[in-house]
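The values are calculated or read from the model by the stated rules, or taken from the named source; none is laboratory data. From a predicted model like this one, the values you see are computed outputs, not experimental measurements. Methodologically, a virtual Cβ is constructed for each residue, glycine included, from the backbone with ideal geometry; neighbour enumeration extends over all protein chains shown.
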Amino acid sequence: MWRDKLVSVVFPTYNEKDSIRAAIEEFFASGYVDEIVVVNNNAAAGADEEVRPTNARLVYETRQGYGHAIWKGLEEAKGDLLIIAEPDGTFSGNDVIKLLAYSDDKPVVFGTRTSREFVWEGANMGFMLKYGNWAVGKLMEFLFNTTLLTDVGCSMRLLSRSAYEKIAPQFTIGGSAFGPQIMLLTILNKIPFIEIPVNYRSRVGESSVTGNKFRAALLGLEMIGMILRYRILSWMGVLPERT
């Protein structure tokens, strides 16, 4: 609970069997998380067995993709404040407190992993990944004349219930580019937001996206294309909506 507001965390899981129980325990240990919704998105065998002994609530999404998993988790979450993160060991449960503190002033809080002081030894934040995310963030910042953006790929963020309900009908991306879509929809719906640094640690296991440089490059191009498309659509006064 944060200032009488219920706090929910959404964890999508696909290949996090070896880290998810520790992540659940760490986020609950922050002392502010009331609910953790774990979305099994066709996860590796044994993932459910890691979740069931915890106090997290397990739900299922058979449509493959990060976006589909987050849609499901947000739909299931009961909180007034909705935190999205990944249970792969990269994010710290202590940063829940930072997100909540800034939520007093802004309905949306985005994390960034590009602050050197918060990147831990062994974290997958090499030159190309760091500056690729920074460059795409700057493109979004420039084209939409918005506040500071330095990391479109950081999947740790907070949405108030009202902000979520405003943008949810416009969710259309079911894959890995869903994170930047949330940012674009926040901007286009004129929802106030801020970006803050979060800790970024070494991942347990290998990512199916950033662990492959070719896939990461393709995702970057997809994000750039989406940003340009949304800029043009906004000039036309239209936005895609979920069908």
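The table below lists the values:
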item: Unmet requirement for residue 173, which otherwise passes all of (1) under 23 Å from residue 98 (Cβ atoms); (2) buried (at least 21 other Cβ atoms within 10 Å of the Cβ); (3) not polar (S, T, N, Q); result: (1)
item: Residue ID - modelled with the lowest pLDDT, chosen from residues in region 195-222 that are of a type in the set (A, V, I, L, M, F, W, C) and under 19 Å from residue 84 (Cα atoms); result: 209
item: Residues being buried (at least 21 other Cβ atoms within 10 Å of the Cβ), within 24 Å of residue 33 (Cβ to Cβ) and of a type in the set (Gly, Ala, Ser) - total across region 88-138; result: 4
item: Checklist (1) modelled with pLDDT of 95 or more; (2) more than 20 Å from the chain's Cα centre (by Cα); (3) part of a loop (DSSP other than H, G, I, E, B) applied to residue 48, failing item; result: (3)
item: Residues (hydrophobic (A, V, I, L, M, F, W, C), in a loop (DSSP other than H, G, I, E, B) and more than 16 Å from residue 220 (Cα to Cα)) located in region 152-203; result: 156, 171, 191, 198
item: From the options 90, 54, residue that is within 15 Å of the chain's Cα centre (by Cα) and not in a strand (DSSP E or B); result: 90
item: Scope region 34-57; condition surrounded by fewer than 17 Cβ atoms within 10 Å (Cβ to Cβ), among the hydrophobic types (A, V, I, L, M, F, W, C) and within 26 Å of residue 153 (Cβ to Cβ); matching residues; result: 44
